[in-house]
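The values are calculated or read from the model by the stated rules, or taken from the named source; none is laboratory data. Keep in mind that this is a model prediction, so the values were computed, not measured. Here the Cβ is made from the backbone with ideal geometry for all residues, glycine too, and neighbour counts use every protein chain on show.
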Amino acid sequence: MKLYTSLACNFCHRNRVTFHAKGVDVDLVEIDLLRRPPWFAEKASGGRVPLLECEHGPIFGSATINEYIEDRWPEPPMLPAAAGERAAERMWINWWNAVPTPQYEELLMNVRPERDEELRKTLDATLRLCEHKLEEHGYDGGYWTAGRLGLADASAAPVFDRFVGLRELQGFDIPEECGRVRAWRDTLLEDPHVRATSAGDESLLETLRDYRKVLTKAAQAGIHPPVSGAD
């Protein structure tokens, strides 16, 4: 199996966490998203990462890949056994992909200072909403589903891992009032599977600075490419 991945991409990191948690070896092929090789654009994903090539063919989209991993290697389980609880975790992942993730990416990669305040307010409000949603979920510490690393955790951990970029490059962090969000973050960043698959703060910051340099040059030329997208 080959997993085409990129250090900067939080979506790719989700699959690396899940493979590691399952104890499954996969060959990692690093793709430089700033200099995508022409041959990669001809792959089934059209040049997007993550892309898994396996015995069942090409699979892309981090959520789809994680579901495949869960189905193909069911032990240890990363979704609950009960159908309703599985649906609840999948709905959380869908919300995380649709709301906090693109807002985090947009602020992280913003190179137009006049937009900083607006983007900070938006992400701040969403993190406070996340706090409320965690309270409704009954979260009181640990993993999203108590006692185990699940697919919701694997989806959130890479974003929390990259908050070093928001702190260093944008002066933004999770609000102090969001105690549950902070507790969830702390649990995930201490998880051995997350730690083993993280590039580390220095490498992440170096890569993120490179991306921002390219975006700054584009902005100076009047080009503002989208910096956030769906999985």
- Quickly run through region 164-191 and pick out the residues that are under 17 Å from the mean Cα position of the chain (by Cα) and free of Cβ contacts under 8 Å to residues at least 24 places away in the same chain. Arg167, Asp173, Arg182, Asp186, Glu190
- Is at least one residue of region 178-194 in contact with a Leu (Cβ under 8 Å, 6 or more places away or on another chain), farther than 16 Å from Thr5 by Cβ and either assigned by TED's automatic domain parsing to the domain that holds Asp25 or among the small types (Gly, Ala, Ser) (or both)? no
- Query: Looking at Arg128, Arg185, which one is within 26 Å of Ile69 (Cα to Cα) and of a type in the set (Lys, Arg)?
  - Reply: Arg185
- Query: Within the set of pairs 6+ apart or on separate chains, which have a first residue in region 87-113 that is acidic (Asp, Glu), a second that is exposed (fewer than 15 other Cβ atoms within 10 Å of the Cβ) and not in a helix (DSSP H, G or I), and C-beta atoms under 6 Å apart?
  - Reply: Glu105/Ser228; Glu106/Ser228
- Note on the structure: Here the residues within region 137-161 that are surrounded by fewer than 23 Cβ atoms within 10 Å (Cβ to Cβ) and in contact with a Leu (Cβ under 8 Å, 6 or more places away or on another chain) are Tyr143, Phe160
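The rows are residues; the columns are (1) outside the structural domain of Gly165 (by TED's automatic domain parsing); (2) at negative phi; (3) touching a Gly at 6+ places or on another chain (Cβ under 8 Å); (4) surrounded by 18 or more Cβ atoms within 10 Å (Cβ to Cβ).
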position	(1), (2), (3), (4)
Glu89	no, yes, yes, yes
Trp92	no, yes, no, yes
Asn97	no, yes, no, yes
Thr101	no, yes, no, yes
Met109	no, yes, no, yes
Leu123	no, yes, no, yes
Leu127	no, yes, no, yes
His132	no, yes, no, no
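With the structure loaded, tell me whether Phe160 is more than 22 Å from Ala63 (Cα to Cα), among the aromatic types (Phe, Trp, Tyr), modelled with pLDDT of 95 or more and in contact with a Lys or Arg (Cβ under 6 Å, 6 or more places away or on another chain) or whether it fails that test.
Details: more than 22 Å from Ala63 (Cα to Cα): no; among the aromatic types (Phe, Trp, Tyr): yes; modelled with pLDDT of 95 or more: yes; in contact with a Lys or Arg (Cβ under 6 Å, 6 or more places away or on another chain): yes.
Answer is no for this residue.
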- With respect to Arg167, determine if the residue is at pLDDT below 95 and either charged (D, E, K, R) or in contact with a helix residue (DSSP H, G or I) (Cβ under 8 Å, 6 or more places away or on another chain) (or both). no
- Is there any pair with a first residue in region 218-231 that is closer than 30 Å to Thr64 by Cβ and a second that is modelled with pLDDT under 70 and surrounded by 11 or more Cβ atoms within 10 Å (Cβ to Cβ) whose Cβ atoms are under 9 Å apart and which are 6 or more apart or on different chains, and what are they? none
- Note on the structure: With the first residue restricted to region 39-63 and required to be at positive phi, and the second required to be modelled with pLDDT under 95 and of a type in the set (D, E, K, R), Cβ contacts under 8 Å at 6 or more apart or on different chains are Gly47/Arg36; Gly61/Asp231
- Which members of region 162-178 meet the condition of being surrounded by 15 or more Cβ atoms within 10 Å (Cβ to Cβ) and among the small types (Gly, Ala, Ser)? Gly165
- Hey, among the residues in region 8-64 that are more than 28 Å from Leu166 (Cβ to Cβ) and of a type in the set (D, E, K, R), which one's surrounded by the fewest Cβ atoms within 10 Å (Cβ to Cβ)? Glu55
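For residues that are among the small types (Gly, Ala, Ser) and under 21 Å from the mean Cα position of the chain (by Cα), tally how many sit in region 39-82.
The initial filter retains those residues of region 39-82 that are among the small types (Gly, Ala, Ser), namely 41, 44-47, 57, 61-63, 81-82.
Those still in the list that are under 21 Å from the mean Cα position of the chain (by Cα) too: 45-47, 61-63.
Number satisfying all stated conditions: 6.
Hey, any hits in region 217-231 for a residue that's within 27 Å of His20 (Cα to Cα), surrounded by 15 or more Cβ atoms within 10 Å (Cβ to Cβ) and either of a type outside the set (Lys, Arg) or not assigned by TED's automatic domain parsing to the domain that holds Gly142 (or both)?
Filtering region 217-231 down to residues within 27 Å of His20 (Cα to Cα) leaves 228-231.
If we keep only those that are surrounded by 15 or more Cβ atoms within 10 Å (Cβ to Cβ) too, we end up with 231.
From the residues that got through so far, the ones that are either of a type outside the set (Lys, Arg) or not assigned by TED's automatic domain parsing to the domain that holds Gly142 (or both) too are 231.
Scanning region 217-231, I find at least one residue that is within 27 Å of His20 (Cα to Cα), surrounded by 15 or more Cβ atoms within 10 Å (Cβ to Cβ) and either of a type outside the set (Lys, Arg) or not assigned by TED's automatic domain parsing to the domain that holds Gly142 (or both), so the answer is yes.
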